Structure formats: structure tokens, C-alpha cells
Amino acid sequence: QVQPVESGGGLVQAGGSLRLSCTTSGSIFSFNAMGWYRQAPGKQRDLVATITSRGSTNYANFVKGRFTISADSAKNRVYLQMNSLKSEDTAVYYCRADRPPYNYWGQGTQVTVSS
């Protein structure tokens, strides 16, 4: 079972922080890339941040300087550290593992930021 499993979502006040975690069966470094995406109600699913197996990272403009994606080989986890959260960050956050031509999605974890 390849499906990623997310954890760490919850309710936080604006300006606060949360750390999301994602793990998969097998090594996360067996995938070309891992990424975090989010979907707010009534909106499309958007890329938040990605990290390749070589450690290269990419961020959406709306999170640059606030969110950090990282990978921990010892714990076999990919993290999304979210700081300075805003109400517009409220969404379901999904982890995705890429092994072309396939993408594997997690079930998502809810992040709610209260203003």
C-alpha cells in the first residue's frame, strides 16, 4: 500500500504555527518527489510545496517565507512547517508521492486558521 498518510492538522489562531507530517510505506526517497497540496471549500487543489529525492524544494508564492518543506530519512517522513498562518490558509492539506507515471494521494488533513 503506497498511499501516503498525513497527520498534524488542527485548529490554530492566525499568526500561529502547525507542522504537518506525511509518511508512506517504503522509503520516501523511493519516490521522485513528495509534495503538499491544499484545497479550500469550493476551490481547486493547489500546490503548496514539493521536495525531490535530491532535496530540491519548490514553493507556491503564497507560502514563500512562511512554510518550509523538509524530509527526515531516519523517521521516513516529510514535514510541512507552517508559520505565520493566515485565515486564507484554511484548507484540507494533502500529501502526494510521485513515482512517474503515478501519483499517490493521501486522505488529507484539515487545517483551520481562526482570525
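The values are calculated or read from the model by the stated rules, or taken from the named source; none is laboratory data. No experiment lies behind these values; they were computed from the predicted model shown. Please note: Cβ atoms are built from the backbone with ideal geometry, for glycine as well, and neighbour counts cover all protein chains shown. In case anyone asks, the SASA skips ligands and DNA or RNA and just uses the protein heavy atoms, side chains included. Shrake-Rupley method; radii C 1.70, N 1.55, O 1.52, S 1.80 Å.
For G65, state whether it is in contact with a strand residue (DSSP E or B) (Cβ under 6 Å, 6 or more places away or on another chain) and either part of a strand (DSSP E or B) or open to solvent by 50 Å² or more (accessible area, probe 1.4 Å) (or both). The answer is no for G65. Among what's in the stretch 43-55 and is part of a loop (DSSP other than H, G, I, E, B) and open to solvent by less than 70 Å² (accessible area, probe 1.4 Å), pick the residue that is nearest to S30 (Cα to Cα). Per the stated criteria, the residue is S53. Any residue in the stretch 14-24 that is among the polar types (S, T, N, Q), out of contact with any His (no Cβ under 9 Å at 6 or more places or on another chain) and free of Cβ contacts under 8 Å to residues at least 24 places away in the same chain? So far as the stretch 14-24 goes, no, none of its residues is among the polar types (S, T, N, Q), out of contact with any His (no Cβ under 9 Å at 6 or more places or on another chain) and free of Cβ contacts under 8 Å to residues at least 24 places away in the same chain. The single condition among (1) within 20 Å of G106 (Cα to Cα); (2) assigned to a loop (DSSP other than H, G, I, E, B); (3) at pLDDT 95 or above that Y37 does not satisfy is (2).
Only residues that are open to solvent by less than 40 Å² (accessible area, probe 1.4 Å), closer than 17 Å to S27 by Cβ and in a strand (DSSP E or B) were counted across the stretch 72-115, and they come to 5. In the stretch 41-68, the residues that are modelled with pLDDT under 95 never reach a residue that is open to solvent by 50 Å² or more (accessible area, probe 1.4 Å) and in a strand (DSSP E or B) with C-beta atoms less than 8 angstrom apart, at least six apart or across chains. Selection of the stretch 8-29 for residues being open to solvent by 40 Å² or more (accessible area, probe 1.4 Å), in contact with a Ser or Thr (Cβ under 8 Å, 6 or more places away or on another chain) and within 15 Å of A97 (Cβ to Cβ) yields S27, F29. Evaluation of I28 against the conditions (1) at pLDDT below 95; (2) under 11 Å from the mean Cα position of the chain (by Cα); (3) among the β-branched types (V, I, T) shows that the sole unmet condition is (2). For the subset of the stretch 31-42 comprising residues that are open to solvent by 50 Å² or more (accessible area, probe 1.4 Å) and within 23 Å of S114 (Cβ to Cβ), which member is nearest to the chain's Cα centre (by Cα)? Of everything passing the filter in the stretch 31-42, Q39 is nearest to the chain's Cα centre (by Cα).
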